[in-house]
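Report on one structure; see the data block that follows.
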Amino acid sequence: MYKIGSVEVEEEIAQECFACDLNQCKGGCCTLPGGRGAPLMDEEILEIEKWHSRILQFLPEEHREVIKQIGTFEGSPGNYATVCVGQKACVFVYYEGDIARCAFEKAYLEGIIAWRKPISCHLFPIRVRRGNVDYLYYERISECAAGRKLGISSNIYLVNFLKDALIRKYGKEWYNNFLSVCKDVTKSKS
């Protein structure tokens, strides 16, 4: 484990190659079975409430209907998550062909809203276990096998692939400190 500032980081994150391959995984992280959607930080509830009406235009009718009947999130403070459709897809998923994508991110990238998406989604496949300090760990799921393969073949490390998300969460100075640790680790493995 590494400690960068007040954040503890699983060692595997520094060594793992990864780059999403949506053509292979079809956005599988947005449609995992189980009925509980993306973990949300308490302050993200305000962002969802502020922006969700602006993204409805991108969502399938079934998802809009679930939002109308159930809402956009569930849980209680410290344990919120997005609602799922059919115990599987996040309610904020829209489809481009057979690929699941995030309507928040689409609206953000098109300049319609000023919030990108939940940080748990932006950081995936890194997860944050919250306690006295944040603990970052790599969640290895079968749906991301193609991402691991593409990362290896393209020589893209997880820490580089998730640069924007890590900076968004912890800041540029933290990221640069973490990147230095990662470079030392990968250099020593060579």
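The values are calculated or read from the model by the stated rules, or taken from the named source; none is laboratory data. Because the structure is a prediction, the values reported are computed rather than measured. No Cβ is skipped: glycine too gets one built from the backbone with ideal geometry, and neighbour counts run over all protein chains shown.
Can you pull out every residue in segment 150-164 that is among the small types (Gly, Ala, Ser) and farther than 16 Å from residue 14 by Cβ?
Within segment 150-164, the subset among the small types (Gly, Ala, Ser) is 151, 153-154.
Result: 153, 154.
With the structure loaded, tell me whether residue 166 is touching a Cys at 6+ places or on another chain (Cβ under 8 Å), assigned to a helix (DSSP H, G or I) and at pLDDT 95 or above or whether it fails that test.
The answer is no for residue 166.
What pairs come out if I take residues in segment 73-101 that are basic (Lys, Arg) and pair them with residues that are surrounded by 21 or more Cβ atoms within 10 Å (Cβ to Cβ) and at pLDDT below 95 whose C-beta lies under 8 Å away, six or more apart or interchain?
As it stands, the answer is 101/30, since those pairs meet every condition given.
Would you be able to tell me the number of residues in segment 12-48 that are part of a helix (DSSP H, G or I) and modelled with pLDDT under 95? Show your work before the answer.
As a first pass, look at segment 12-48 and keep what is part of a helix (DSSP H, G or I): 12-15, 22-25, 28-30, 44-48.
Of the ones still in play, those that are also modelled with pLDDT under 95 are 12-15, 22-25, 28-30.
Adding up the residues that qualify gives 11.
Could you pull out the residue among 62, 110, 49, 96 that is exposed (fewer than 14 other Cβ atoms within 10 Å of the Cβ) and either over 19 Å from residue 121 (Cα atoms) or of a type in the set (A, V, I, L, M, F, W, C) (or both)?
Details: 110 fails: either over 19 Å from residue 121 (Cα atoms) or of a type in the set (A, V, I, L, M, F, W, C) (or both); 49 fails: either over 19 Å from residue 121 (Cα atoms) or of a type in the set (A, V, I, L, M, F, W, C) (or both); 96 fails: either over 19 Å from residue 121 (Cα atoms) or of a type in the set (A, V, I, L, M, F, W, C) (or both).
The conditions single out 62.
Looking only at segment 77-99, which residues are under 13 Å from residue 31 (Cβ atoms) and not in a loop (DSSP other than H, G, I, E, B)? Step through it out loud before you land on a result.
Within segment 77-99, the first condition is being under 13 Å from residue 31 (Cβ atoms), and the residues that meet it are 82, 84-95, 98-99.
Across segment 77-99, the qualifying residues are 82, 84, 85, 89, 90, 93, 94, 95, 99.
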